[in-house]
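Chemist: Sending over a structure as structure tokens; questions will come in a sec.
The values are calculated or read from the model by the stated rules, or taken from the named source; none is laboratory data. Because the structure is predicted, anything quoted here is derived from the model rather than measured. With ideal geometry, Cβ positions are generated from the backbone for all residues, glycine too; neighbour counts draw on all protein chains shown. Surface areas here come from the heavy atoms of the whole protein model, side chains and all, with no ligands, DNA or RNA. Shrake-Rupley method; radii C 1.70, N 1.55, O 1.52, S 1.80 Å.
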Amino acid sequence: MKKKGFISVEDLPEKLHTGKPEELEMDIIRGYDTLVSDFEKSLILKAINQTKGVKSQAARMLQMNRTTLIEKMKRLGIE
């Protein structure tokens, strides 16, 4: 049962929860910083979508300050 306002395993990119290590190995070639940025971006987008664009709610869901969320969105090129 999924709790409202929480991100679950199903919200992660499929290759992270399907148990396909060969796909993860291919991603490692892209580099740590790129992988972390992509993952961070996907979590932020998911939170923004779930809160219908309300940044304060998305920040709360992600357990960060609203200003931190906005800074991360700018850095990651999220409108």
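Chemist: Pick from the stretch 35-55 the residues that are among the polar types (S, T, N, Q) and assigned to a helix (DSSP H, G or I): which of them is farthest from residue 75 (Cα to Cα)? Break it down stepwise before answering.
Modeler: Let us first name the residues in the stretch 35-55 that are among the polar types (S, T, N, Q), namely 37, 42, 49-51.
The next check asks that each one be assigned to a helix (DSSP H, G or I); those that pass are 37, 42, 49-50.
On the way: 37: 9, 42: 14, 49: 18, 50: 21 Å.
The selected residue is 50.
Chemist: What do you reckon, is residue 30 on the phi < 0 side of the Ramachandran plot, over 12 Å from the mean Cα position of the chain (by Cα) and modelled with pLDDT of 95 or more? Let's see the steps before the verdict.
Modeler: Details: on the phi < 0 side of the Ramachandran plot: yes; over 12 Å from the mean Cα position of the chain (by Cα): yes; modelled with pLDDT of 95 or more: no.
When the stated conditions are applied, residue 30 does not pass them.
Chemist: So which residues in the stretch 57-71 are within 23 Å of residue 10 (Cα to Cα), open to solvent by less than 50 Å² (accessible area, probe 1.4 Å) and assigned to a helix (DSSP H, G or I)?
Modeler: The initial filter retains those residues of the stretch 57-71 that are within 23 Å of residue 10 (Cα to Cα), namely 57-64, 69.
When the remaining residues are screened for being open to solvent by less than 50 Å² (accessible area, probe 1.4 Å), the result is 58-59, 61-62, 69.
Passing the criteria: 58, 59, 61, 69.
Chemist: Quick one: how many residues across the stretch 55-75 are without any contact (Cβ under 8 Å) to a residue 24 or more places away in the chain and touching a Gly at 6+ places or on another chain (Cβ under 6 Å)?
Modeler: Of the residues in the stretch 55-75, 0 are without any contact (Cβ under 8 Å) to a residue 24 or more places away in the chain and touching a Gly at 6+ places or on another chain (Cβ under 6 Å).
Chemist: Still on this structure, I have one more. Looking only at the stretch 37-52, count every residue that is acidic (Asp, Glu) and closer than 17 Å to residue 71 by Cβ and tell me the total. Write out each step before concluding.
Modeler: Narrowing the stretch 37-52 to residues acidic (Asp, Glu): 38, 40.
Filter again for closer than 17 Å to residue 71 by Cβ, leaving 40.
Looking only at that region, the number is 1.
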